[in-house]
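Comments concern the structure below.
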Amino acid sequence: MARLEIRNLEKVYGNAFKAVHGINLDVADGEFMVLVGPSGCAKSTTLRMIAGLETISGGEVRIGGRVVNNLPPGKRGIAMVFQNYALYPHMKVRSNLSFGLRLQHKSKAEIEAATAEVARILEIEPLLDRLPKELSGGQAQRVALGRALIKKPEVFLFDEPLSNLDAKLRASMRVRITDLHKRLKAEGMSSTVVYVTHDQTEAMTMGDRICVMKEGRIMQVADPKTLYNEPANAFVAGFIGSPEMNLVDGALEGGSDPVFRIGGQAVRLGPQMGARLRPGARGDVTLGMRPQHLKPAADGLKGQIVNAEFMGHEVVVHLDIGRTRLVSVLSAAEYEGLDRSSGAISVAPDASAAHVFARDGGENISLAHAS
Amino acid sequence: MTMIATETAPVATTDTTAVDRRRAQISAMVRYTLLFGVGLLMLYPLIWLVGASFKTNNEIFGSIGFIPENPTLEGYRQGWETSTPYTFGRFFWNTFLIILPKTIFTAISCALVAYGFARFEFPGKKILFASLIATLLLPNVVTRIPQYILFRDLGWLDTYLPLWVPSAFAGDAFFVFMLVQFLRAIPRDMEEAARVDGANTFQTLIYIVVPLLMPALISVALFQFMWTMNDFLGPLIYISSVEKFPVSLALKLSIDTTEAFEWNRILAMSVLALLPALVVFFIAQKYFIEGISAGGVKG
Ligand SMILES: Nc1ncnc2c1ncn2[C@@H]1O[C@H](COP(=O)(O)OP(=O)(O)O)[C@@H](O)[C@H]1O
Ligand SMILES: [Mg+2]
């Protein structure tokens with residue numbers, strides 16, 4: 001019903017700065033799509049072009065099959081929730097919610113019914129006669145959400161809606177928004193969402209699919225699991241996951257049983273990795289190993305323990321392996337069981353979960369290329 | 001002093017605490033006496049004016065005290081009657097006829113122009129804004145004569161049109177500048193939210209920008225009110241028939257026409273002329289101050 005299609009979308013700002021470099025993205029009807037990336041990667045710019053708040057310099061935005069490039073925001077069938085709520089400060093919550101409907105000259109009864117329903121869903125009934133300045137951050141954000149909901153838009157746009165809230169509230173609002181999305185979907189209402197965030201936890205927990213961006217380009221679009229397990233490139237690998245994936249520059253040698261060399265040390269990656277690797281991929285590469293997949297091993301990479309952060313059930317160990325540092329997450333039991341008398345331990349990656357990236361471009365060259 | 005007193009209080013004995021408190025009291029007393037004295041000094045001419053308006057004509061120059069010996073309303077009664085066929089009521093009404101359109105149209109036109117400059121990109125914007133600021137720097141006298149000739153050719157002499165029509169076209173660059181600065185400090189998100197809600201540019205202006213701009217608009221209206229009330233040169237140049245005189249000119253009139261100046265009448269009417277501005281100022285004081293401190297907008 002309300003599919004969102006973005007075709008070769010470009011943005012050049014007035015100062016000739018090219019913020020978006022021809023991106024393509026399809027968001028299915030009812031899909032929760034998260035745009036994630038570091039600050040300044042043009043997430044907001046993209047979202048604002050979808051909304052119509054920013055002119056489109058090139059390409060097309062289609063909502064429900066209709067090209068909306070030249071439509072004003074109010075005619076695109078979208079609703080938007082802003083980071084700092086953007087409630088109208090001189091209007092009561094009730095009027096904030098109904099502003100859009102009043103502009104459409106809806107009947108009084110209709111407006112009242114819609115307001116009451118949205119207020120019930122978001123549990124803001126007691127706040128209806130307050131002014132925005134009399135609301136807490138969480139309440140204000142719920143009102144902002146209500147203002148979007150009441151319009152029954154085809155596409156919901158969110159621009160970092162939770163980043164002004166404290167951690168606890170953020171967690172509960174996260175659940176509230178995903179629940180709301182599921183509910184709309186179950187009721188057969190339009191519920192396509194584009195949600196912008198720089199927070200990977202939000203991205204991973206909320207998105208049906210995630211679009212990772214960097215400097216105005218899309219690095220990968222995939223569901224959270226794929227993104228985590230099969231990152232398309234070193235950027236996505238480093239961006240998703242916490243603590244960050246270890247990305248180590250070294251040399252790849254050997255045939256079907258490849259060996260990764262760094263400094264004077266080496267790790268065997270095993271024949272399974274050999275089969276996954278792109279044919280002929282040898283020489284300078286970057287090896288990616290998640291801290292969770294680096295475990296103590298007798299014939300691994302030896303490193304001096306620099307720091308060990310005790311987190312309760314697990315210990316985050318920082319190792320100095322000469323050229324570079326590694327981070328490994330061990331269970332408390334694993335850590336206690338280690339012989340740490342020399343101050344050094346040896347760790348090896350679970351090769352089945354490791355990735356090899358091309359040194360230039362950072363493309364993942366270990367994604368089952370044999371097939 | 002007070003700071004030191006409170007900081008040392010916990011360790012000091014009760015005796016020294018009492019001494020410190022005493023010292024703080026004295027210092028406060030000195031400060032307030034000083035401030036009161038200076039304040040009084042600045043206000044004295046005004047107080048004298050009010051006092052003198054109740055004196056007889058002879059007494060006014062007899063003493064510098066401000067309390068009249070035999071308070072009388074003679075100055076007000078005679079001053080109100082004036083030496084012309086019209087009472088001062090007529091002159092107040094004339095002033096009102098100038099102020100009303102001028103203030104209203106200033107607020108409307110300046111809001112429109114400021115909205116344009118602060119929120120839209122259009123060709124030549126930089127040059128236009130620069131010339132707006134340039135008119136701010138231009139001394140008023142420079143434009144007096146060309147303006148006079150223009151209005152004469154339009155046949156507007158001895159009407160109120162030259163006094164308020166320029167303001168209806170955002171002629172007061174200062175106000176436009178003030179509103180632009182105020183608008184720049186207001187985040188655009190609210191307006192963007194309104195556009196997403198389906199408001200067009202004009203609806204956004206009316207329903208969102210104007211309410212947000214209200215404190216600044218009230219300041220603009222107040223300034224315009226007071227300046228117009230006090231404007232002497234404008235009416236002097238363009239208004240020639242006595243029946244059209246505003247208060248500022250009428251005050252001067254009482255000086256011209258009487259040979260022995262009836263100072264008590266002039267002073268009494270001056271007090272009356274002060275009142276509207278004073279009353280309006282105190283009523284709108286809250287918004288006025290919000291308006292001048294333009295940065296104080298909650299995001
Ligand atoms: N109005 C503008 N004029 C020029 N450059 C801009 C403008 N707005 C944003 N940019 C630039 O475009 C890039 C993307 O910005 P933005 O979309 O806000 O990033 P994000 O939301 O991902 O943090 C940034 O480098 C930013 O500096
Ligand atoms: Mg942003």
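The values are calculated or read from the model by the stated rules, or taken from the named source; none is laboratory data. This is a predicted model, so every value here is computed, not measured. Here the Cβ positions follow ideal geometry from the backbone for every residue, glycine too, while neighbour counts run over all protein chains shown. Protein only, heavy atoms only, side chains kept; ligands, DNA and RNA dropped before computing areas. Shrake-Rupley method; radii C 1.70, N 1.55, O 1.52, S 1.80 Å.
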Point to revise | Criterion: touching a Ser or Thr at 6+ places or on another chain (Cβ under 7 Å), away from ligand 1 (no atom under 14 Å from the Cβ) and outside any strand (DSSP E or B) - qualifying residue of A:Gly100, A:Gly30 | key: A:Gly30
**Study point:** Residue count for the stretch A:146-156, restricted to those that are open to solvent by 10 Å² or more (accessible area, probe 1.4 Å) and under 20 Å from the mean Cα position of the chain (by Cα)
**Key:** 1
Study note, to complete from the structure: Those residues of the stretch B:81-130 that are open to solvent by 30 Å² or more (accessible area, probe 1.4 Å) and among the hydrophobic types (A, V, I, L, M, F, W, C) come to a total of 16
Review point. From the set of residues in the stretch B:210-251 that are part of a helix (DSSP H, G or I) and of a type in the set (Phe, Trp, Tyr), which is least open to solvent (accessible area, probe 1.4 Å)?
Key: B:Tyr238
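Yes or no, residue by residue, for (1) more than 14 Å from every other protein chain (Cβ to nearest Cβ); (2) more than 16 Å from ligand 1 (Cβ to nearest atom); (3) surrounded by fewer than 17 Cβ atoms within 10 Å (Cβ to Cβ); (4) farther than 22 Å from A:Pro73 by Cβ:
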residue	(1), (2), (3), (4)
A:Lys106	no, yes, yes, no
A:Pro126	yes, yes, yes, yes
A:Ser190	yes, yes, no, no
A:Glu202	yes, no, no, yes
A:Cys211	yes, no, no, no
Review point. When you go through A:Ile56, A:Ile6 one by one, which is the residue that is under 19 Å from A:Thr197 (Cα atoms) and either assigned to a helix (DSSP H, G or I) or away from ligand 2 (no atom under 13 Å from the Cβ) (or both)?
Key: A:Ile6
Exercise for review: With the condition kept exactly as written, say whether any residue in the stretch A:186-194 is within 16 Å of ligand 2 (Cβ to nearest atom), in contact with a Gly (Cβ under 7 Å, 6 or more places away or on another chain), outside the structural domain of A:Arg278 (by TED's automatic domain parsing) and modelled with pLDDT of 95 or more.
Suggested key: no
Check your understanding: Looking only at residues in the stretch A:155-183 that are acidic (Asp, Glu) and away from chain B (no Cβ under 13 Å), which one is farthest from A:Ser98 (Cα to Cα)?
Key -> A:Asp166
**Study point:** Matching option when the condition is open to solvent by less than 10 Å² (accessible area, probe 1.4 Å) and within 12 Å of ligand 1 (Cβ to nearest atom), among A:Leu35, A:Leu4
**Key:** A:Leu35
Exercise for review: Tell me, please, whether a residue that is part of a helix (DSSP H, G or I) and more than 13 Å from chain A (Cβ to nearest Cβ) can be found in the stretch B:189-196.
Suggested key: no
Check your understanding: Which ones in the stretch A:39-52 are within 12 Å of ligand 2 (Cβ to nearest atom) and either within 14 Å of another protein chain (Cβ to nearest Cβ) or open to solvent by less than 40 Å² (accessible area, probe 1.4 Å) (or both)?
Key -> A:Cys41, A:Ala42, A:Lys43, A:Ser44, A:Thr45, A:Thr46, A:Leu47, A:Arg48
Exercise for review: Scan the stretch A:259-292 residue by residue and report those that are in a loop (DSSP other than H, G, I, E, B) and over 22 Å from A:Gly238 (Cβ atoms).
Suggested key: A:Gly264, A:Pro279, A:Gly280, A:Arg282
**Study point:** Criterion (closer than 29 Å to A:Asn164 by Cα, more than 9 Å from every other protein chain (Cβ to nearest Cβ) and of a type in the set (Gly, Ala, Ser)) met by exactly one of A:Ala144, A:Ala116, A:Ala148
**Key:** A:Ala116
Point to revise | Residues satisfying the stated conditions in the stretch A:75-92, i.e. under 19 Å from B:Gly198 (Cβ atoms) and either open to solvent by less than 10 Å² (accessible area, probe 1.4 Å) or at the interface with chain B (Cβ under 7 Å from one of its Cβ atoms) (or both) | key: A:Arg76, A:Ile78, A:Ala79, A:Met80, A:Val81, A:Phe82, A:Ala86, A:Tyr88, A:His90
Check your understanding: Out of the residues in the stretch A:157-182 that are more than 16 Å from ligand 2 (Cβ to nearest atom) and within 19 Å of A:Val27 (Cβ to Cβ), which is most open to solvent (accessible area, probe 1.4 Å)?
Key -> A:Lys182
Point to revise | Selection within the stretch A:323-344 - part of a loop (DSSP other than H, G, I, E, B) and more than 22 Å from A:Phe239 (Cβ to Cβ) | key: A:Arg323, A:Gly337, A:Leu338, A:Asp339, A:Arg340, A:Ser341, A:Ser342, A:Gly343
Check your understanding: For B:Ala199, are the conditions met, namely being out of contact with any strand residue (DSSP E or B) (no Cβ under 9 Å at 6 or more places or on another chain), open to solvent by less than 40 Å² (accessible area, probe 1.4 Å), at negative phi and at the interface with chain A (Cβ under 10 Å from one of its Cβ atoms)?
Key -> yes
Check your understanding: Does the stretch B:169-185 contain any residue that is within 14 Å of chain A (Cβ to nearest Cβ), farther than 20 Å from B:Leu137 by Cβ and open to solvent by 40 Å² or more (accessible area, probe 1.4 Å)?
Key -> yes
Practice item. Go over the candidates B:Tyr207, B:Tyr160, B:Tyr148 one by one and state the one that is open to solvent by 80 Å² or more (accessible area, probe 1.4 Å), touching a helix residue (DSSP H, G or I) at 6+ places or on another chain (Cβ under 9 Å) and of a type in the set (Phe, Trp, Tyr). Key: B:Tyr207
Revision key, fill the gap. Per the list (1) within 16 Å of ligand 1 (Cβ to nearest atom); (2) out of contact with any strand residue (DSSP E or B) (no Cβ under 6 Å at 6 or more places or on another chain); (3) farther than 25 Å from A:Phe99 by Cα, residue check on A:Thr197 breaks on (2)
Exercise for review: May I ask you to say which residue of A:Gly22, A:Gly30 is in contact with a helix residue (DSSP H, G or I) (Cβ under 7 Å, 6 or more places away or on another chain) and either within 14 Å of another protein chain (Cβ to nearest Cβ) or away from ligand 2 (no atom under 16 Å from the Cβ) (or both)?
Suggested key: A:Gly30
Check your understanding: Can you tell which of A:Val347, A:Val315, A:Val356 is among the hydrophobic types (A, V, I, L, M, F, W, C) and closer than 21 Å to A:Phe239 by Cβ?
Key -> A:Val356
